[in-house]
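First up is the structure itself, then whatever we jot down about it.
Readers should treat all values here as calculations from the given coordinates under stated rules, not as data from a laboratory. These numbers were taken from a predicted model, which means no experiment stands behind them. Here the Cβ is made from the backbone with ideal geometry for all residues, glycine too, and neighbour counts use every protein chain on show.
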Amino acid sequence: LRFVLTGATDVLVAQLPAVTLLLRVRGNSAVEQAALERRRVFDHRVTALVAAAQAEGEVRDDVDAAVAARLLFGMINSVVEWYRPGGGVDGDRLGADIVRIALDGLRTS
């Protein structure tokens, strides 16, 4: 889960314009529909990772796995709204910061 969250953030930072565009697709064309389907498959895989981490006792299980996955990626995807390369936020560190906030908030005591 940590690897996926960090990797997703790293890709977002490295491919900011393309990811921004991808996050704005609404399914108006066959290409957009295919992109949305790939995002749904990815969402299901991340949900399964969260559920597995819950089953292993690594993250709290009092939050629905699908909701947790959506919230995690809501946080990551929001980066397109405020992150600017060369700005005050270190893009190389951003993934680690997101994981630290996300997982430390989900971990069991």
Q) What are the residues whose amide H is under 5 Å from the amide H of Val89, where those residues sit 5 or more places off or on another chain and H is modelled from the backbone? A) Arg84
(Q) Taking every pair of distinct Cα atoms and averaging 1/r, then inverting, what Kirkwood hydrodynamic radius in Å comes out for the chain? (A) 14.7 Å
Q: Express in whole angstrom the spacing between the alpha-carbon centres of the range 12-33 and the range 41-57.
A: 24 Å
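Looking at the range 1-87, which trypsin sites (Lys or Arg not before Pro) are in a loop (DSSP not H, G, I, E or B) and have at most 16 other Cβ atoms within 10 Å? Before the final figure, lay out each step's value.
Details: sites: Arg2, Arg24, Arg26, Arg38, Arg39, Arg40, Arg45, Arg60, Arg70; in loops: Arg24, Arg26, Arg60.
Listed in order of number, the matching sites are Arg24, Arg26, Arg60.
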Q | 3J(HN,Hα) from dihedral phi, the range 79-85, Karplus parametrisation 6.51/-1.76/1.60, rounded to Hz, x for glycine, proline | A | 4, 4, 7, 10, 6, 10, x
